[in-house]
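Encoded as structure tokens, the structure appears first; notes follow it.
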Amino acid sequence: MSRVVVVNGSPRKGWNTDLLLTEAAKGAESKGAEIQKFDLYSLEKYTGCVSCFGCKREAHRGECVIRDGLKPVLDAIDGADGLIMGAPNYFGDLSAQFKTFYERLVFPELTYNVENICCNKHRIPVLLVMTSNAPDTMYTSLLENYKNTLEKFIGPTKVLVSGETLQVKDYSKFDWTMFDGDQRHKRREMVFPKELEYAYALGESLLD
Ligand SMILES: Cc1cc2nc3c(=O)[nH]c(=O)nc-3n(C[C@H](O)[C@H](O)[C@H](O)COP(=O)(O)O)c2cc1C
């Protein structure tokens, strides 16, 4: 049986990022994949790459040697058939918790060897999801960078962006003048369901 790992880099379970990831997971599941999901914000404490270069030594080439809360996630990805992961945009990038994970996911595969830059012998398809307050097109180059890096070191990557998300249920409880709560609710009803369908379809075709 094939296995797909899902990594949620949002602290809010059941909100935008998580909903899209869950839908993509259901798509993969519909094709017979077993799903193994991790919520980064619920893990035991973990750090980003500490630049120990353990992963560059012969004994552990391609493997992160840090033993912390992220170890089970990295172990699960190692040997999985696909990876679905995502995060909200925080201050123009993916959430810090996600980036911390991302450093540990990608750096071990980088050899610093010009003849063969990547030592990943088990490339797997990736779906990267990002949600944001800004419209979908705002972070195109950021996502292009992630896609390029992931394709180089992890495997063929598709990206799904959901912008202008519903950030809170009741905008009237806040004095925010940057957003039109009615417009956000309308978008949630009209556009978000289509994005969920797209997430499902991407999950469904992940292992094709
Ligand atoms: C700390 C923080 C920083 C944020 N920074 C940005 C930002 O720079 N650009 C943006 O478009 N949205 C930003 N947002 C909004 C979130 O990306 C957006 O609401 C997202 O859909 C939330 O995902 P969630 O519903 O899965 O938690 C920020 C939200 C928070 C809490």
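Quick one: net charge of LYS37's neighbours, Cβ under 14 Å, K/R +1, D/E -1?
With Lys, Arg at +1 and Asp, Glu at -1, the net is -2.
Return the calculated 222 nm mean residue ellipticity for the chain, to the nearest 500 deg cm²/dmol, obtained by summing -39500 (n - 2.57) across DSSP H runs with n ≥ 4 and dividing by the residue count.
-10500 deg cm²/dmol
Please give every one of the lysines within straight-line cross-link reach of LYS158, meaning a C-alpha to C-alpha distance under 22 Å, and leave out same-chain neighbours fewer than 8 residues apart.
In chain and number order, the partners are LYS26, LYS31, LYS37, LYS99, LYS121, LYS147, LYS194.
Express as a percent, rounded to the nearest 5, the fraction of DSSP beta bridges in the chain (both residues included) that run antiparallel.
Of all bridge pairs located within the chain, approximately 10 percent are antiparallel.
Can you tell me the orientation of helix 181-190 relative to the chain, as the angle in degrees between its alpha-carbon axis and the longest Cα principal axis, to the nearest 10?
70
Using only Cα atoms, tell me the angle between helix 140-153 and the longest principal axis of the chain; keep it within 0 to 90° and round to the nearest 10.
For 140-153 against the chain, the angle is about 30 degrees.
What length, rounded to one decimal in nm, is gained on full extension from GLU115 through to GLU34, with 0.36 nm per residue of separation minus their alpha-carbon distance?
So the chain would gain 25.5 nm between GLU115 and GLU34.
Among SER10, SER95, SER2, SER172, what is the fewest-to-most ranking by other Cβ atoms within 10 Å?
Ranked by crowding around the Cβ, least crowded first: SER172, SER2, SER95, SER10.
Calculate the radius of gyration of the Cα atoms of region 3-204 to one decimal place, then report Dmax, the largest Cα-Cα distance, as a whole number, both in Å.
17.6, 58
Could you state the number of Å between the C-alpha centres of region 44-111 and region 114-164?
Computed from Cα coordinates, the inter-centre distance equals 15 Å.
Once you list every other residue whose beta carbon is under 14 Å from the beta carbon of SER141, what net charge do they have if Lys and Arg are +1 and Asp and Glu are -1?
Summing Lys/Arg as +1 and Asp/Glu as -1 gives -2.
With θ taken as phi - 60° and the coefficients 6.51, -1.76 and 1.60, list the Karplus ³J(HN,Hα) couplings across region 33-40 in order, rounded to whole Hz; mark glycine and proline as x.
6, 8, 9, 10, 10, 10, 9, 4
How far is helix 192-204 tilted off the main Cα axis of the chain, in degrees rounded to 10, range 0 to 90?
20
None of the figures in this text is laboratory data; all of them are computed from the coordinates on show. The structure displayed is predicted, hence computed values, not measured ones. In this analysis, Cβ positions are derived from the backbone assuming ideal geometry, glycine residues included, and neighbour counts consider all displayed protein chains.
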